[in-house]
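Heads up: the structure comes next, in structure tokens.
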Amino acid sequence: MEILVQLAILAFLLMVGYFAGSRRERRHYQSIMAREKHLNRLPAVASRVPPADGRYQQRLVVGNAVIANDYFKFFLAGLRQFFGGRIHAYETLMDRARREAVLRMKAEAQKCGAELIFNVRYETANLSWGLNNGMGVIEVMAYGTALIPGR
Amino acid sequence: MDYRNSHIPEGINTAPGHKPLTEAAWLLVGAVVVVILVTVALTAVTGWLAKLVPFSQEKHLAARFAPVAPVTNSSLAAYLDTLKQRLARQMEMPEGMDITLHYVDDETVNAFATLGGHVVLFRGLLEKMPDENTLAMVLAHEMAHIKHRDPIVALGRGTVLASVLASIFGRTPAPLDATAMLTLLNYNRRMELAADAAAARALYGLYGHLSGSQWLFQLFEAMQHGKKAAWEAFFQTHPLNAQRLQQLRALADRNHWPLSGKVTPLPPELHDWL
């Protein structure tokens, strides 16, 4: 009986996680794609060499995104760790965080009137490290040097 | 220099056609299969190992759990003890495997055998006994469990199951307390049938016929039909009781043991002792 109650709770949490999580993910991707289309004209490159021509003002721009895992993904990934293989559920999570961070960095650069961001770097952190439930909260930070024309 | 970001197509870092529910279902099925296989293997090994534990060690273990008090009424104790000894001779109990009888003043219609050679009889059951033959069948059945080492095997298996459940649901098993020890030992179908067969043999040895052996299952059946839900009765008790009756009849048939005969009455004072 007690086990049935636990299973029911688990099923409920999984259902909430699945429906809420996939709905959020779908909407987030829609938003990411729309903003990417818009911000694509502001290039962000990994090159460490600034363009030699022109006089640019340089400024550090940072974009930071923190995304929480949902219970369904957590459960799925747990099962996946047992058998091995790609954890698709976490790949989208990381993809979203990374793209969101870049978009925020670009938005900041655009606000300053930048033409280019160079020397773009990423940092990631697992904020739930060491927590018992290990549910997973990830942070991706993108930063680079924005080049703003005119001095 | 011309800097440009081209549009990156979707699906390079993710799997666009991924169906999480399908993946979860397959993984779950796989995990359940693995858990079942592991549990079955562990249970089998534990059952086999448990029988290797010496009976003296089992008694030592059971002493920690201090079951209910022994029979207090001296007349009842003497009567039950005599019956027990007569049965023990018939059943050829191994050296050092002594049975301790206990009596519980409660209306529960039950009797059970547990760790350390302890057999517990409830007033409810003794009151329902029509004759000595039936009582002997009950007692012999419980003694057979002990002779077959069923309590310690059941304990081992129960511990395995509890550990598996605990590891799945993320809780450590509760420390085994006295009541759990006494009542949660589940004997499986094979154990019950083996105990019945041994008890029937003892009954025949003692009285020359099997009268009293079948009455018991009819009683169980009548009780359980009243108490349990229909599905429960169907899945658990009904087939087992029918199977037990069938086995007894087959056993009697094969060995040419008469199914009925002259029954030995219970001592008339028994109801005063209870």
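The values are calculated or read from the model by the stated rules, or taken from the named source; none is laboratory data. Please read all numbers here as calculations on a predicted model, not as lab measurements. In this analysis, Cβ positions are derived from the backbone assuming ideal geometry, glycine residues included, and neighbour counts consider all displayed protein chains. These area figures cover heavy atoms from the full protein model, side chains too; ligands, DNA and RNA do not enter into them. Shrake-Rupley method; radii C 1.70, N 1.55, O 1.52, S 1.80 Å.
General remarks:
- Verdict on B:Ser56 being touching a residue at least 60 places away in the same chain (Cβ under 8 Å) and farther than 30 Å from A:Phe75 by Cβ: no
- Checking region B:99-115 against the condition returns a match, with at least one residue being polar (S, T, N, Q), modelled with pLDDT of 85 or more, outside any helix (DSSP H, G or I) and open to solvent by 10 Å² or more (accessible area, probe 1.4 Å).
- Of the residues A:Ala89, A:Ala77, A:Ala11, A:Ala65, the single one that is of a type outside the set (Lys, Arg) and either within 29 Å of A:Leu147 (Cα to Cα) or in contact with a Cys (Cβ under 8 Å, 6 or more places away or on another chain) (or both) is A:Ala65.
Condition check ((1) within 22 Å of A:Glu108 (Cβ to Cβ); (2) surrounded by 19 or more Cβ atoms within 10 Å (Cβ to Cβ)) across all residues:
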site	(1), (2)
A:Met15	no, no
A:Arg24	no, no
A:Ala44	yes, yes
A:Phe74	no, yes
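- Residue match in region A:89-103 (condition: among the small types (Gly, Ala, Ser), modelled with pLDDT of 90 or more and either under 30 Å from B:Thr22 (Cβ atoms) or surrounded by 20 or more Cβ atoms within 10 Å (Cβ to Cβ) (or both)): yes
- Residue in region A:15-35 that is hydroxyl-bearing (Ser, Thr, Tyr), under 18 Å from the mean Cα position of the chain (by Cα) and more than 9 Å from chain B (Cβ to nearest Cβ) present: yes
- Sole exception among (1) open to solvent by 30 Å² or more (accessible area, probe 1.4 Å); (2) more than 14 Å from chain A (Cβ to nearest Cβ) for B:Leu28, by number: (2)
- Residue, farthest from A:Arg104 (Cα to Cα), within region A:1-13, restricted to residues that are within 10 Å of chain B (Cβ to nearest Cβ) and surrounded by 13 or more Cβ atoms within 10 Å (Cβ to Cβ): A:Gln6
- Meets criteria (touching a residue at least 24 places away in the same chain (Cβ under 8 Å), more than 17 Å from B:Gly11 (Cα to Cα), within 8 Å of another protein chain (Cβ to nearest Cβ) and among the hydrophobic types (A, V, I, L, M, F, W, C)) for A:Phe83: no
- Condition check for A:Lys106 on (1) open to solvent by less than 20 Å² (accessible area, probe 1.4 Å); (2) under 22 Å from B:Leu27 (Cα atoms); (3) modelled with pLDDT of 90 or more: one failure, at (2).
- Residues satisfying the stated conditions in region B:128-181, i.e. in contact with a Phe, Trp or Tyr (Cβ under 7 Å, 6 or more places away or on another chain) and at pLDDT below 80: B:Ala178, B:Met181
- Search result, residues across region B:110-135 that are within 25 Å of B:Gln57 (Cβ to Cβ) and polar (S, T, N, Q): B:Thr114
- Residue check for B:Ala252: open to solvent by less than 80 Å² (accessible area, probe 1.4 Å), at negative phi, hydrophobic (A, V, I, L, M, F, W, C) and modelled with pLDDT under 85: no
- Unmet requirement for B:Lys51, which otherwise passes all of (1) charged (D, E, K, R); (2) within 14 Å of another protein chain (Cβ to nearest Cβ); (3) open to solvent by 30 Å² or more (accessible area, probe 1.4 Å): (2)
- Filter result for A:Gln58 (within 17 Å of A:Ile148 (Cα to Cα), more than 10 Å from chain B (Cβ to nearest Cβ), open to solvent by 80 Å² or more (accessible area, probe 1.4 Å) and touching a Leu at 6+ places or on another chain (Cβ under 7 Å)): yes
- Within region B:33-43, the residues that satisfy the criterion of being surrounded by 11 or more Cβ atoms within 10 Å (Cβ to Cβ) and more than 9 Å from every other protein chain (Cβ to nearest Cβ) are B:Val35, B:Ile36, B:Val38, B:Thr39, B:Val40, B:Ala41, B:Leu42, B:Thr43.
- With respect to the conditions (1) assigned to a helix (DSSP H, G or I); (2) within 14 Å of chain A (Cβ to nearest Cβ), B:Gly11 falls short on a single one, namely (1).
- Test: A:Ile117 is more than 8 Å from every other protein chain (Cβ to nearest Cβ) and open to solvent by less than 20 Å² (accessible area, probe 1.4 Å): yes
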